[in-house]
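Contents: one structure, followed by commentary.
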Amino acid sequence: MKNFIRTVFIILLVLSVLCGCAGKEAESPALEWKWEADHSGHWKIYENGEKSDFGEHDFNEISVCTVCGIESIEWNNGIISINAFDEEKNVTFSKNYKNGEIISEYEKTYNEDGTERLIYSSEINPDGLKMITEYDESGRSVKEQFFYPDGTPHHESVYEYANPDGGKSFERYTDYEEKRIFEYGYDEKGDWISYTVYRLDTGSFVSGQTFEYEYDSEGRKICQRTFEKDDLREEIFFGYYEDAEGIHCYRSKYIYYIIEDFIKGHYTVTEYNKDGEEISRESYDSLGNKIG
Ligand SMILES: [Zn+2]
């Protein structure tokens, strides 16, 4: 019995030493934390992702929780909104619930001039798909993800921009149903310069095209050329005409080149009037001799 008591005492001593060490580690350095909340309660979230201090909201007379500082509003249609605020009383986070299920959420920040800017949003679109959007520092969408109600991904787009104010320079569209990845490169005018398709499962190349454009002295596009690998596949020529409503662009000529081996170099030229009607179509061999 004496031995048993001594053994227990030693075990307790060891435990207390271990706990003491663990306690010291937990104390320093102090982890940063902030309140997180949903419609039913709040908790602390630490920078390492750990959560603690779960509790119910304690709302004051203006529906602001005295512990975490969020505001809760119950609307006539049954939707409950919760809003979190920064020091300037600007909304930094909104979540909207219906029947306990989250239906939309928005994370916001504020520019130096006080204008609001989205960082993140999540909404249900009219097709019933959940759409999650992430934004860059200019407020432009950089990633859009679409999910079925069960969480299965439907499709996703990732965007890149050439400069802080410009339009997009690149887009990667992943279609989880077609199991294909489509990549688009854009020039400064917003026109495609490349289009490439890959298989989603293996990442292997399926097909691809590159594009070149020609402009007149007034900066109007007069020709678009499409290449497959290094071969010219098609040329589209644009014409312009003016009427009482202004200047209009139309496709005046289309040339399609055969790039497959057996009749490589053969091409067909189709010309159109400004109403889009075909006015001629001729086929040529690789030496420019008319065929048929
Ligand atoms: Zn609270």
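The values are calculated or read from the model by the stated rules, or taken from the named source; none is laboratory data. Since this is a predicted model, take the numbers as computed values, not measurements. Note: ideal-geometry Cβ built from the backbone for every residue, glycine included; neighbour counts use all protein chains shown.
Of everything in the range 185-241 that is loosely packed, with under 14 Cβ neighbours inside 10 Å and in a strand (DSSP E or B), the residue that is farthest from the chain's Cα centre (by Cα) is Y241. Within the range 54-64, the residues that satisfy the criterion of being more than 7 Å from the ligand (Cβ to nearest atom) and within 19 Å of V91 (Cβ to Cβ) are F59, N60, I62, S63, V64. Residues in the range 44-53 that are surrounded by 10 or more Cβ atoms within 10 Å (Cβ to Cβ) and either within 15 Å of the ligand (Cβ to nearest atom) or within 26 Å of the chain's Cα centre (by Cα) (or both): K44, I45, K51, D53.
Restricting the range 246-273 to residues that are among the charged types (D, E, K, R) and modelled with pLDDT under 95 leaves a set whose member that is farthest from F211 (Cα to Cα) is D261.
For the range 65-86: of the residues being more than 17 Å from G100 (Cα to Cα) and more than 9 Å from the ligand (Cβ to nearest atom), which is surrounded by the most Cβ atoms within 10 Å (Cβ to Cβ)? Checking each candidate, the answer is A84. Checked against (1) under 37 Å from the mean Cα position of the chain (by Cα); (2) in a loop (DSSP other than H, G, I, E, B), Y254 passes all but a single condition, namely (2). Considering each residue of the range 97-111 in turn, at least one proves to be out of contact with any Gly (no Cβ under 9 Å at 6 or more places or on another chain), surrounded by 13 or more Cβ atoms within 10 Å (Cβ to Cβ), polar (S, T, N, Q) and outside the structural domain of Y173 (by TED's automatic domain parsing).
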